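Right, one structure below, let's go through it.
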Amino acid sequence: MKTLEKERYKKLLVEWNDRIAGVWNRYYVPAIAPIRERLLDLAEVKRGDRVLDICTGTGGAALAAARRVGKPGHVVGVDTSPKMLKKARENATKTGLPTLEFRLMDAASLDFAEGSFDAVVSSFGQPEAPWDRPTALREARRVLVRGGRFCHCGEAESEDDQSLEWFPRMFAKYRVRNPGRKLSATRRLRSWAAKEEKKVPAWEAALLEAAGFNAVRHFTETFEVSIPARAWLEPSLMWGMLDEYLAMSPRVRDKFRREAIKAMSPFETTKARVGFFVARRA
């Protein structure tokens, strides 16, 4: 993919993340609190540590880490979404934690010196574009001290997960048939990005080892997560298709929402399989 198209796609991802900041902060951050605590346990975050939370979103993991490191430590959360970071800073102000800051920064180009942190974590965070994954991991390793800990968690694949099987068929039914110039361009960009993503190594131990990490472990655990169906819709289903959704007429969009929320209602409380990657810098 050409550099220009890559930058356009990353800009689109930022717009999508900006759009879901409020819903993510209100519903998802509280719902996945036990997963974040498990992440920080695995990263061995303790009092006095310097911690970097990459792709911090609205700052859930960064805030939890700041409580652990206390006044002797320091926590930085980075993200490329201005609206996510605005929510994160608002959350930090409410807690009064003095050792916490948030910066607008790309995970694939971290503006920190080598060896700046004792631990780097990422809770359901992805680099701004899939092809940045290897570069972002190398950057995470670079900013760690020798022996520093890295831990990432993300949604694991599940063969028996029926919660999203209905979505492609339903979405196809409501999809705009005669898109305008902007939507057509976005569809081409998404198609191009999807092809490019297939060339990128998936999340696996070998990916972290190639980035220079050692003692890599990968395992899956199950957590009960409860989120209202109406809150599932925009972040879980519309991220990546938000432009299609917004292109629908208000009447069609309302009908789609009602049908989608009804279909999602049986899955408001679900057993979520979460994949953890734990590693160290040699």
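The values are calculated or read from the model by the stated rules, or taken from the named source; none is laboratory data. All values reported here derive from a predicted model rather than from experimental measurement. Neighbour counts are summed over all protein chains in view; Cβ atoms, including those assigned to glycine, are modelled from backbone coordinates with ideal geometry.
Laid out as a table, the results:
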item: Failed item in (1) assigned to a helix (DSSP H, G or I); (2) buried (at least 21 other Cβ atoms within 10 Å of the Cβ); (3) out of contact with any Phe, Trp or Tyr (no Cβ under 8 Å at 6 or more places or on another chain), with Pro134 passing the rest; result: (2)
item: Residues satisfying the stated conditions in the range 73-97, i.e. in a loop (DSSP other than H, G, I, E, B), in contact with a helix residue (DSSP H, G or I) (Cβ under 9 Å, 6 or more places away or on another chain) and without any contact (Cβ under 8 Å) to a residue 60 or more places away in the chain; result: Gly73, Leu97
item: Pair list, Cβ under 9 Å, 6 or more apart: the range 213-226 residue at positive phi, other residue part of a strand (DSSP E or B); result: Ala215/Val278; Ala215/Ala279; Ala215/Arg280
item: Residue that is surrounded by the most Cβ atoms within 10 Å (Cβ to Cβ), among those in the range 199-249 that are touching a strand residue (DSSP E or B) at 6+ places or on another chain (Cβ under 7 Å) and among the aromatic types (Phe, Trp, Tyr); result: Phe213
item: Residues (among the charged types (D, E, K, R) and at pLDDT below 95) located in the range 111-157; result: Glu128, Asp132, Arg133, Glu155, Glu157
item: Where a residue in the range 142-158 is over 16 Å from Val51 (Cβ atoms) and its partner, wherever it lies, is among the hydrophobic types (A, V, I, L, M, F, W, C), with Cβ under 8 Å and at least six apart; result: Arg146/Ala282; Gly154/Phe124; Gly154/Trp203; Gly154/Val274; Glu155/Phe124; Glu155/Ala272; Glu155/Val274; Ala156/Val274
item: Residue list for the range 49-72, filter: closer than 20 Å to Arg142 by Cα and part of a loop (DSSP other than H, G, I, E, B); result: Asp49, Cys55, Thr56
